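The values are calculated or read from the model by the stated rules, or taken from the named source; none is laboratory data. Since this is a predicted model, take the numbers as computed values, not measurements. Here the Cβ positions follow ideal geometry from the backbone for every residue, glycine too, while neighbour counts run over all protein chains shown. To get the accessible areas, we keep the full protein, side chains included, count just its heavy atoms, and leave off ligands, DNA and RNA. Shrake-Rupley method; radii C 1.70, N 1.55, O 1.52, S 1.80 Å.
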Amino acid sequence: MTHTPATPVPFSRIKIRTGALVFCGDDVALIRRDRADSTHYTPPGGNVEDGEDLVTALGRELAEELGLDTSAAEGGDLMWVVDQRVSRPGPTPPPRKLHLIHRFHITPEVRAGLAGQELDELPDGGHEIGVIEWVDYRKTADLPIFPPIGAALAALSHPRAAVADAALEAVTDANYTWV
């Protein structure tokens, strides 16, 4: 017999978010989200849907958010994995989320055809506008990026640098506060 707790337990569900650092030379595409009390950046990407394979999910998310056809880009290798276990506001218990961050390189010609903003659907059916910003990767250490990859990104010797350890520090309530 399976026991189902009356109240869902935080982090008892796992979601996978796939995203990418899309480089054009030394610039990397980040989505800036301006909220009433904060501004933060995220790499383009999103949650993997039930039954969807990771490659398909990554291609779908980059097409939705940037207008990028990954066949026009070079790379796609997995760069980093970030384990997220952070409490958040709201009535539903937070899932544990694994962020899979890939790396692509594009030409200036491909970049010229990409989106300048992204619409993120909200639970109420509305949309939050995200602005696509191209930022010199070496200047990301102090940006409020989620997951917090700015320091690791800025530490790369060049955009194609090998990464020694794909597992970045886990994001927990001990080292992150949801804003």
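For the chain, calculate the relative contact order in percent as a whole number, restricting contacts to Cα pairs under 8 Å that are 6 or more residues apart.
29 percent
Calculated FRET efficiency, Glu109 and Ser157, Cβ-Cβ r, R0 30 Å, to nearest 0.05?
0.70
Mark the label point 7 Å from the Cα of Arg138 along Cα→Cβ and return the residues of segment 11-42 whose backbone N is within less than 17 Å of it.
Residues 23-29 fall inside that zone.
Per residue of segment 16-29, in order, report the coupling 6.51 cos²θ - 1.76 cosθ + 1.60 (Karplus, θ = phi - 60°) as ³J(HN,Hα) in whole Hz, putting x for Gly and Pro.
Values per residue, Gly and Pro as x: 10, 10, 10, x, 8, 9, 9, 9, 10, x, 8, 8, 10, 7 Hz.
What would the Debye formula give as log10 I(q)/I(0) at q = 0.12, 0.13, 0.18 Å⁻¹ for the alpha-carbon point model of the chain, no solvent?
Each listed q maps to, in turn, -0.58, -0.68, -1.31.
Extending each Cα 7 Å along its Cβ direction at Asp165 and Ile129, get the distance between those two points in nm, one decimal.
Taking the simple label geometry, Asp165 and Ile129 are separated by 4.1 nm.
Counting DSSP beta bridges with both partners in the chain, what percentage is antiparallel, nearest 5?
In the chain, DSSP labels about 70 percent of beta bridges as antiparallel.
What angle, in degrees between 0 and 90 and rounded to the nearest 10, separates the Cα long axis of helix 54-66 from the longest principal axis of the Cα atoms of the chain?
It is inclined by approximately 70 degrees.
For the chain, with all protein chains present and a 1.4 Å probe, just round the carbon and sulfur fraction of the accessible area to a whole percent.
Of the solvent-accessible surface of the chain, carbon and sulfur hold 53 percent.
Can you tell me the accessible area per residue over segment 68-179, all protein chains present, probe 1.4 angstrom, in square angstrom?
55 Å²
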